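The values are calculated or read from the model by the stated rules, or taken from the named source; none is laboratory data. None of the values given here were measured: they were computed from a predicted structure. Here Cβ is always computed from backbone atoms with ideal geometry, including for glycine, and neighbour counts include all displayed protein chains.
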Amino acid sequence: MPRPNPDPNTGALNVQDPAFAARPQPIYAWLHEHFRVATTLGLGAPILSRYEDVVFALRHPKIFSSEMEVHMALGNERPMIPQQIDPPAQTSYRKILDSQFSRQRVLALEPAIRRHANELIDAVIDRGECEFDRAFAIPLPGRAFLSLMGLPQEHLELFLELKNGIIRPPVPPGDLAAAYEFRAKTSKRIYAYFEQVIDDRLASPREDLVTYFTRVEMDGRKLSREEILDICYVFFLGGLDTVTATLGCSIAYLAANPAQRQRLVEDPAIMPLAVEELLRWETPVMLVPRLVREDVTIGDVTLKAGTLVNLLLGAADVDEREFPEAHRVDFNRQRNRHLAFGAGPHRCLGSHLARMELRVALEEWHRRIPDYAIKPGETPRVSPGIREVTYLPLVWPKRGS
Ligand code: HEM
């Protein structure tokens, strides 16, 4: 018999359980009722799930640090910038990065993203069916990333191959050594790719992000080559999978809830609010880790310095203490301070870009394919960690039928 998740006596939660990833909200509610501090099955890392506790941790990087060894698990040779370093150094990097990701800057990319979305829809619309992850949710953020970085669209396949080599290395399940080796090999290719781009932009500057990195001054000095590489690495990993996961979770929800989908079709003006509500409800980045630097007490549990903790963003986002009727998906929700993009100093750098990508994608998809459903007899599959719907078979009426 499968072990109950979470364990009802200890609150130990298996965060790698695909059933949890597929439908986490009832488990979040159970945690809220029973354990202020739960634990991660296997690792034993404490889990914070209340909104107020998670926000406190995110806003106090001196107590809850982002600098930890476990971060090298993604094949990177050095900490990723700015995600894996604490203020004040992180603050200096954000000063030079934030300006490049403002709402205004991002709007300039909107026509290209709308075009990419329509090209992907063109490729499937007449078939009356597709596997959404492969057909749309994976390639769209990839193309957006290449536009953002000023890189050629022909490199899409290469980028996706490299990204998968890090996020889902093709090795037997559970073979950690093989996964480590594959990631290390892949990361060398990623560094080599961006080394070449840096050389190229130094020789022939352009109006793009990498050229900006080679020129910008931070605290009175230029960025080193390693710093530029460490920034590109996090963009590469942070900017692709997260949007893919959010698109998949949103469409899976809307496919299973036709009345909600109909609201978007009839009134596309509610799209920005709907995007926020879907981000809150689905929170595809379920958790972020932190390392406790100073003893700290949460409720009646003291977390000792040196403890690794998991901040369960997804649970915080359905906490009734913060969100009235938290378990109702309400596209008119006005006060929606969700944590899908984190909070505090490390709050997502790409949130404006992500929001625009999601809004444009959902606008175009519903304008052109308003009446879709999950293929009868099929069940979507969701991966844990970042909740990508890796198998989402959709059907819709063919034109003229
Ligand atoms: C819907 C899509 C996205 C979601 C749900 C998301 C989620 C998050 C979250 C939860 C964090 C905080 C991590 C932490 O506190 O440890 C974060 C940070 C970050 N995100 Fe995103 N992200 C998304 C899209 C993007 C995009 C498109 C980019 C573009 C490059 C991006 C770049 C980053 C970077 C650089 C950081 C680190 C910021 C820092 O540490 O100062 N993200 N993201």
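For the stretch 51-142, give me every one of the helices (runs of 4 or more DSSP H) that falls completely inside it and has 1 or more residues that are in contact (Cβ under 8 Å) with a residue 12 or more places away in the chain and closer than 21 Å to Tyr372 by Cβ.
Hits in the stretch 51-142: 110-124.
Determine whether the stretch 203-213 contains at least one residue that is over 24 Å from His346 (Cβ atoms), of a type in the set (Ser, Thr, Tyr), more than 16 Å from the ligand (Cβ to nearest atom) and assigned to a loop (DSSP other than H, G, I, E, B).
Yes - at least one qualifying residue is present in the stretch 203-213.
Go through (1) under 22 Å from the mean Cα position of the chain (by Cα); (2) of a type outside the set (A, V, I, L, M, F, W, C); (3) surrounded by 15 or more Cβ atoms within 10 Å (Cβ to Cβ) and name the single condition Pro170 misses.
The one condition Pro170 does not meet is (3).
From the list Leu287, Leu353, which one is over 20 Å from Pro141 (Cα atoms), of a type in the set (A, V, I, L, M), surrounded by 20 or more Cβ atoms within 10 Å (Cβ to Cβ) and near the ligand (Cβ under 10 Å from one of its atoms)?
Sole residue among the options that is over 20 Å from Pro141 (Cα atoms), of a type in the set (A, V, I, L, M), surrounded by 20 or more Cβ atoms within 10 Å (Cβ to Cβ) and near the ligand (Cβ under 10 Å from one of its atoms): Leu287.
Which numbered condition trips up Leu151, out of (1) more than 26 Å from Pro393 (Cα to Cα); (2) assigned to a helix (DSSP H, G or I)?
(2)
Among the candidates Gly165, Gly142, which residue alone is of a type in the set (Gly, Ala, Ser), at pLDDT 90 or above and within 18 Å of Met80 (Cβ to Cβ)?
Only one candidate passes the filter, namely Gly165.
Across the stretch 96-107, which residue is surrounded by the fewest Cβ atoms within 10 Å (Cβ to Cβ) among those that are at pLDDT 95 or above and out of contact with any strand residue (DSSP E or B) (no Cβ under 7 Å at 6 or more places or on another chain)?
Applying the filter and picking the extreme gives Asp98.
Filter the stretch 214-247 down to residues that are of a type in the set (A, V, I, L, M, F, W, C), part of a helix (DSSP H, G or I) and more than 9 Å from the ligand (Cβ to nearest atom), then give me how many there are.
Going through the stretch 214-247 one residue at a time, the tally reaches 3.
For the stretch 297-331, name all the residues that are over 21 Å from Tyr253 (Cα atoms) and among the β-branched types (Val, Ile, Thr).
Scanning the stretch 297-331 gives Thr297, Ile298, Val301, Thr302, Thr307, Val309.
Give me the residue from the stretch 46-79 that is surrounded by fewer than 18 Cβ atoms within 10 Å (Cβ to Cβ) and among the aliphatic types (A, V, I, L, M) and, out of that set, farthest from Phe182 (Cα to Cα).
Ile63
Which condition breaks for Ala343 when tested against (1) modelled with pLDDT of 95 or more; (2) touching a Phe, Trp or Tyr at 6+ places or on another chain (Cβ under 8 Å)?
(2)
Got a sec? Which of Ala373, Ala361 is within 17 Å of the chain's Cα centre (by Cα), closer than 23 Å to Ile270 by Cβ and of a type in the set (A, V, I, L, M)?
On inspection, the qualifying residue turns out to be Ala361.
Which of (1) surrounded by fewer than 17 Cβ atoms within 10 Å (Cβ to Cβ); (2) under 27 Å from Leu146 (Cβ atoms); (3) at pLDDT below 95 does Gly400 not meet, given it meets every other one?
It fails just one condition, (2).
Limited to the stretch 47-89, what total is found for residues that are within 10 Å of the ligand (Cβ to nearest atom), in contact with a Lys or Arg (Cβ under 7 Å, 6 or more places away or on another chain) and not polar (S, T, N, Q)?
Residues that pass the stated criteria total 3.
One line per residue, one yes/no per condition, for (1) surrounded by fewer than 19 Cβ atoms within 10 Å (Cβ to Cβ); (2) in contact (Cβ under 8 Å) with a residue 40 or more places away in the chain; (3) of a type in the set (Val, Ile, Thr); (4) touching a strand residue (DSSP E or B) at 6+ places or on another chain (Cβ under 9 Å):
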{"site": "Gly299", "(1), (2), (3), (4)": "yes, yes, no, yes"}
{"site": "Ala315", "(1), (2), (3), (4)": "no, yes, no, yes"}
{"site": "Val318", "(1), (2), (3), (4)": "no, yes, yes, no"}
{"site": "Asn336", "(1), (2), (3), (4)": "yes, yes, no, no"}
{"site": "Pro345", "(1), (2), (3), (4)": "yes, yes, no, no"}
{"site": "Glu357", "(1), (2), (3), (4)": "no, yes, no, no"}
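Please give the number of the condition Val292 fails out of (1) surrounded by fewer than 17 Cβ atoms within 10 Å (Cβ to Cβ); (2) in contact (Cβ under 8 Å) with a residue 24 or more places away in the chain.
(1)
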